[in-house]
Amino acid sequence: MNRLPEPTPSAAAVTRSGPLTWVQQWHWFERTIPAARRVNPTPLADHCHVPPPATLADVHVALASLTARHEALRTTVDPLRPIQHVHHADWAPLPVDHLDVPAVDAGTLEAATAALAARPIDPERNPPWLARVLLVAGRPRAVLLAAHHVLIDGWGLAVLINQLHDQLHDQLRGVGAPAEAPVHPLDTVAAQPLERARAAEREWLARRASNPTGVLAPFGGADDGAGRHRLQHRSVGAYDDLHRVARRHRVSPEVVVLAALAHDVASRTGEHRFLASVVVSNRARAALRNSVGVRALTVPVQIDLRPGAAFGEVVASVAAASAAAYRHGQWRPAELVAAEARMHRRLGVVTVPTIEYNCYSWPRDYLVPGYPAPAHDTLPDASATWIRSAPDEPCDTLYVDLSLDAGFVTLDVTVGDHLLDAGQAVALPVRLCAFLRALAGGAECPVPARPPTPAASGWWRAPQGWVCPAKVEDVLRGHPGVLDVTVAPSGDAAGQGEPHLVAHARTAPGVTPDDLHRHILDHLDEVPGIAAPGRYVLSPAGPGSGRSSTPTTDTGTLRIPSRPPTTDAERALAAAVAAVTPGGLPGSPSDSPDAVDMNRCLADHGVTLVAVPRLLALLHRFGFTGIASDELAGTASLGHLATALEPSPPRAHRGGDTSP
């Protein structure tokens, strides 16, 4: 197989530069997250067939034309700042190689596309895409494309695939390439009024602060489940049913499926207010339809259903919430994420959206299935396949991808075993398709007022969301000096006010409620199903010391005193935080680590996601490593994060023996 050429970037090749957009910043930050923990696959990959008369030269001409037409194909990013650089069309060789194969069948395409998707792409120095031409007896039969998500999104990759296929046909007929100039992200980056961005942040923070969280906790599943299941379900009959329901209610099929998911969650859990994190293409304007740049974004849709409402009301409510979320979700998501982390730390809860919903299902065609699901668990006109047979990592959210291809409804479901076990994972898309069939037949399907089954054993509904008291006890027992602890709900009976958790702890001398509060906050992102109790009741250690009511602390008004850095690792982290804090730290020089409170998280100091790569680079320069970028974006205190730092390993001197 021919190897891809390595370009040599040059500043002279840059035609213009500018900031990354609010959508690109998330994927730019995501590059710093270990690959196994990323939400989005990077790179994206897909393929198209080549018309039989076309030659290898025709394919190269078509790719060169696309490169000249789309600035995203010749854009690089800065490693430490959210900046992008557009280069001349011929600044680098086409990143294309060739592979000889005996035939281009479905299996070959799946394996070859998966292999190309696994190849790393360096968007800092190289073009953000790769191409591979599959040759059969020396003739091109298919072209595979892979793209880095920081500069090209899933919609953009589909645009590239379609335009490549159409251009090959046009070249064979002697038709010239279109002279259109698609809109590049740099062309629209100025359309982000700061005032509107801040207003959107305030509105969504206010909405989400009052919204229950973690409502999927009692959804079902195995008691000891901790892995994830990935399932692909395809149905022919659901395609017609879905479009019939969409036409009746005058909404898109995508909104109908989201409303059906919301109805299912409400029916199963009894919750009527929860969050859906929805991926949208963000190409409402016609000028953006053929843009390959990153525009798709995730917006928080707050679902609010009325018990007893017919499905027509449900779908109208979901459509209105989706439109509002889209309008407000366009502005400065990196700052919004940081502000949410700040809010979560104060509330003592981690927001986990109920549904992660994507209307463009990828990757799907090139993931080699594991094994088919049992036939008795599927509908006659449907098929279900496990994408991966063995559970891997915990999954706190129900991920559902929808695609409508060639008369099929395809639902890709990813879910944690503690939410839905294997059988329930298979049953979910089957239940949704049966629900669509009932709706298409004219059923109203009102939202149940109460769930048909009680919550899963061991879960309690707190104001912050669903909580597992046993897990809170386990976390508190992990604090030094805690000898025994019991966590139980209180205040929701006999008119005692709003329900909350109370932790009764037997402790060694010196342990305070402040210590327990900090300990819980440091573990919010690590253990699903925990929340900071409303009160801590401590009893001193010693024989015969029963449970005492003193001291009692209401953590809702707790003031944790500031703590400066003390260890070398803390001082290095504090110096890095001080250096990247926008506008400097209040009351101290901007480069002073003494102003950094090690009891607070990164967002508390005003540091947003786009500063994380620079912060990690500074830590490396100071001689420390060991923190992952997604940990920095969470609610753990800086003091807790500093304990994970390790001295960077010494690097051997190149060109001779190392110095003594």
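The values are calculated or read from the model by the stated rules, or taken from the named source; none is laboratory data. From a predicted model like this one, the values you see are computed outputs, not experimental measurements. Glycine gets a Cβ as well: all are built from the backbone with ideal geometry, and neighbour counts include every protein chain shown. Side chains included, ligands, DNA and RNA excluded: accessible areas come from the protein's heavy atoms. Shrake-Rupley method; radii C 1.70, N 1.55, O 1.52, S 1.80 Å.
Below, the figures for the structure above:
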item: ALA449 versus HIS169: modelled label distance in nm, points set 7 Å from Cα along the beta carbon direction; result: 5.7 nm
item: Within the accessible area of segment 97-178 (1.4 Å probe), percent carbon and sulfur; result: 56 percent
item: Low-density loop positions, trypsin sites (Lys or Arg not before Pro), segment 57-147 - DSSP coil, at most 13 other Cβ in 10 Å; result: ARG125
item: ³J(HN,Hα), Karplus 6.51/-1.76/1.60, whole Hz, each residue of segment 15-31, x for Gly, Pro; result: 8, 6, 9, x, x, 5, 6, 4, 6, 4, 4, 5, 5, 5, 5, 5, 4
item: Distance in nm between pseudo-label sites at ARG431 and HIS60 (7 Å out along the Cβ direction from Cα); result: 5.6 nm
item: Rounded percent of accessible protein surface that carbon and sulfur make up, segment 495-541, 1.4 Å probe; result: 50 percent
item: Chain lengthening between ALA617 and THR486 when straightened (0.36 nm per residue, less Cα-Cα); result: 42.9 nm
item: Potential lengthening between ALA199 and ILE83 on full extension [0.36 nm per residue; Cα-Cα distance subtracted]; result: 39.3 nm
item: Label zone at ASP105, where the point sits 7 Å out along the Cα-to-Cβ direction: segment 140-176 residues whose backbone N lies under 19 Å; result: 141-143
item: Global geometry of segment 56-209, whether rounded, prolate or oblate, following the gyration tensor of its Cα atoms and the 1.5 cut on a/c; result: prolate
item: Amide hydrogen neighbours beyond the local backbone of ALA142, cut-off 5 Å, H modeled; result: VAL50, LEU134
item: Relative packing of peptides 532-538, 637-643, 600-606, 469-475 - highest average C-beta neighbours within 10 Å first; result: 532-538, 600-606, 637-643, 469-475
item: Probe 1.4 Å - accessible area at LEU436, Å² to nearest ten; result: 10 Å²
item: Surface share of carbon and sulfur [accessible, 1.4 angstrom probe, percent] for segment 195-278; result: 44 percent
item: Cα-projected label distance for ASP381 with ALA628, points at 7 Å along beta-carbon direction, nm; result: 4.3 nm
item: Long-range HN-HN contacts of THR567 with modeled amide H, under 5 Å; result: none
item: Net charge of Cβ neighbours under 12 Å - reference LEU94; Lys, Arg +1; Asp, Glu -1; result: 0
item: Mean Cβ neighbour count within 10 Å, used as a protection proxy, ranking 248-261, 273-286 highest first; result: 248-261, 273-286
